[in-house]
Amino acid sequence: MKKILILGAGTAGTMMANHLNKKIDKKEWSITVIDQYKNHYYQPGFLFIPFGIYSEKDVIKEKKKFIPKGVEFIQSAIEIIEADKNQVKLENNSVIKYDVLIIATGSKIVPQEIEGLLDDGWRKNIFDFYTIEGSTALRDKFKDWKGGKLVVHLAEMPIKCPVAPLEFLFLSDWFFTKKGIRKNVDITYVTPLGSAFTKPRAASVLGHMLDDKNIKIVPNFNISHVDSKNNKIVSLDDKEVEYDLLVTIPTNMGDEVIERSGLGDELNFVPTDKHTLQSKEYENIFVIGDATDIPASKAGSVAHFEGEILTDNILNFINNKPLEKKFDGHANCYIESGYNKAFLIDFNYDVEPVEGTFPLPVVGPFSLLKETRINHLGKMAFKHIYWNLLLKGIPIPGIPPHMTTKGKKLN
Amino acid sequence: MTEKMLADFTVNVNEEGYLTDPSQWNKEIAVALAKEVGIEELTEAHWKVIEFLQKEVKENGKLPTIRRINKVGGIPTKELYQLFPDGPLAKAAKIAGLSKPASCI
Ligand SMILES: Cc1cc2nc3c(=O)[nH]c(=O)nc-3n(C[C@H](O)[C@H](O)[C@H](O)COP(=O)(O)OP(=O)(O)OC[C@H]3O[C@@H](n4cnc5c(N)ncnc54)[C@H](O)[C@@H]3O)c2cc1C
């Protein structure tokens, strides 16, 4: 028996197990998936927890439920990938050999990367919302917070779900308005980028949004450290921003197992061909989802589009056929903007987010780069789609893996 | 997108003055772009950063992060800020004829 080994049973790994289980010749191949955790987290739901819109039960389910029968699931931390020997070592030192390896170990926040972040203020007046612990702690803080300076801070790019900080700002504006204390809450966005909207078309359509919502911005801010005694963040060129409540998106990195295995770049992301999803170093290693270094967004929708293409390429690889250079960087993301409205963006490596309708020309029903109620319903429906279609590798009706220019206003 | 004269060359630039066609770039244009962002003279240290950015974009299809410029390019972050004050990545990218650091939106 030959083995396909999948590292990580998050969005991408779970999806690949389901795809391959349907397509692979079971007389010749077996599939094993390894993950350290028992539970699967619907990470896009973390955004809504601080505002009381979702709770734990919306975002946590047992991983095993989504691993198909016939695929072996091992719950263990992965110690090291020994690519030269085609094997992986687990935390109890047991060794698993593979013929084809799929790395789907994702990315995570690493607060340790920022000096002072984990000092006195952590989870007292400094929070993240990229983890279940962070988002639930922030929910508890928000419950009786009377107001003050709320600073939403992005440490460095790339991060997973690059639109999440903006969504967090918009939801904060709405949440505190609804609570009747918006006048006591001063909201500031601190970013290393030059502006909140960095792509020309998005900037021209949405550029006014922060102003409209009375959200201040401090651009070009690269953090040096957090001074939690004096409640301020300090940049590398000595700019300072004071906060009463700091919500930060710390540095995002690939898992340490990538570093231990010598397979990653300076952020532990694995160098990967951006069209075939094959590792640049080893031809029998493929990489999917947030774990890659490709210049696509780190998003569940991206992992979904990659999944269909990677499945074909793995079949090509094991049948000695050439790989198809098919992945185009397609991403499709809803941007929740408060007041039960949302935007939608659909783009790829070559086409920036533009206006139009999606997935169908004219009739939509979703509108691109435009704030609508229907888009909001799309965002909320994503939870159902995620648990019931996406993880199980079932195609989403009407949405092919490649971006289409139909319905987009390109000029 | 508009056309613009830089150091006697006609180039295509976007709203913010970044070149939209990297093949139009040359060193004289770089000097002119540097002046636009307030850098009067490009020293050897500046060129080292510019060339690193161009090499990275060619090889990986994306701008390196400040962290990568430090770790892989060997240019300490403090020095990067001295060379290109305020927004070092945005400024160096502009001079190198590349697009600015951006998010997906
Ligand atoms: C706040 C927030 C909002 C988001 N919103 C959206 C959105 O609206 N739309 C969207 O499309 N995407 C969104 N995302 C992004 C989306 O959740 C991720 O892109 C997606 O989950 C990536 O899937 P993955 O399989 O690559 O990684 P993950 O799902 O993170 O899975 C990685 C898995 O690998 C396991 N693992 C890692 N290292 C080891 C090891 N050494 N040993 C054993 N197991 C290991 C982990 O336990 C984990 O289960 C959001 C993310 C966040 C945090």
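Observations, loosely collected:
- Residue match in segment A:243-250 (condition: surrounded by 20 or more Cβ atoms within 10 Å (Cβ to Cβ) and within 22 Å of B:N70 (Cα to Cα)): yes
- Test for A:L171: is it open to solvent by less than 20 Å² (accessible area, probe 1.4 Å), outside any strand (DSSP E or B), within 16 Å of the ligand (Cβ to nearest atom) and within 10 Å of chain B (Cβ to nearest Cβ): no
- Odd one out for A:G13 among (1) more than 19 Å from A:N284 (Cα to Cα); (2) within 9 Å of the ligand (Cβ to nearest atom): (1)
- Considering A:E91, A:E82, A:E62, the condition of being exposed (fewer than 15 other Cβ atoms within 10 Å of the Cβ), among the acidic types (D, E) and more than 13 Å from the ligand (Cβ to nearest atom) is satisfied by A:E82 alone.
- Members of segment A:185-209 found to be more than 13 Å from chain B (Cβ to nearest Cβ), within 30 Å of B:V13 (Cβ to Cβ) and aliphatic (A, V, I, L, M), listed by number: A:V190
- Any helices (runs of 4 or more DSSP H) falling wholly within chain B and containing at least 3 residues that are at the interface with chain A (Cβ under 9 Å from one of its Cβ atoms), closer than 28 Å to A:P165 by Cβ and not β-branched (V, I, T): B:66-71, B:77-83, B:88-95
- All conditions in (1) within 14 Å of chain B (Cβ to nearest Cβ); (2) in contact (Cβ under 8 Å) with a residue 60 or more places away in the chain hold for A:V302, with the sole exception of (2).
- Among the strands (runs of 3 or more DSSP E) confined to segment A:324-411, the ones with at least 3 residues that are of a type in the set (A, V, I, L, M) are located at A:341-347.
- The combined condition, being out of contact with any helix residue (DSSP H, G or I) (no Cβ under 8 Å at 6 or more places or on another chain) and either more than 9 Å from chain B (Cβ to nearest Cβ) or among the small types (G, A, S) (or both), is not fulfilled by A:E281.
- Pairs where the first residue, in segment A:9-20, is away from chain B (no Cβ under 14 Å) and the second is part of a loop (DSSP other than H, G, I, E, B) and within 6 Å of the ligand (Cβ to nearest atom), C-beta under 6 Å, 6+ apart: A:G10/A:G106; A:A12/A:A104; A:G13/A:A104
- Candidates in segment A:113-151 are the residues that are within 14 Å of chain B (Cβ to nearest Cβ) and touching a Pro at 6+ places or on another chain (Cβ under 9 Å); of these, the one that is nearest to A:E240 (Cα to Cα) is A:I114.
- In the condition set (1) open to solvent by 20 Å² or more (accessible area, probe 1.4 Å); (2) closer than 22 Å to A:V152 by Cβ; (3) touching a strand residue (DSSP E or B) at 6+ places or on another chain (Cβ under 6 Å), A:N284 is compliant with all but (2).
- Counted residues, segment A:285-299 - those being more than 14 Å from every other protein chain (Cβ to nearest Cβ) and assigned to a loop (DSSP other than H, G, I, E, B): 1
- Selection of segment A:233-261 for residues being within 16 Å of the ligand (Cβ to nearest atom) and within 14 Å of another protein chain (Cβ to nearest Cβ) yields A:I249, A:P250, A:T251, A:N252, A:M253, A:G254, A:E259.
- Residues satisfying the stated conditions in segment A:126-150, i.e. open to solvent by less than 10 Å² (accessible area, probe 1.4 Å), under 16 Å from A:R182 (Cβ atoms) and more than 16 Å from the ligand (Cβ to nearest atom): A:L150
- Set A:P192, A:P165: member being outside any helix (DSSP H, G or I) and touching a strand residue (DSSP E or B) at 6+ places or on another chain (Cβ under 9 Å): A:P192
- Condition check for A:S30: open to solvent by less than 70 Å² (accessible area, probe 1.4 Å), away from the ligand (no atom under 13 Å from the Cβ) and either under 29 Å from A:I249 (Cβ atoms) or in contact with an Asp or Glu (Cβ under 6 Å, 6 or more places away or on another chain) (or both): no
The values are calculated or read from the model by the stated rules, or taken from the named source; none is laboratory data. Fair warning: this is a prediction, and the values are worked out from it, not measured in the lab. When we count neighbours, we look across all protein chains shown, and the Cβ atoms used for this are built from the backbone with ideal geometry, even at glycine. Just the protein is used for accessible areas: all its heavy atoms, side chains included, with ligands, DNA and RNA removed. Shrake-Rupley method; radii C 1.70, N 1.55, O 1.52, S 1.80 Å.
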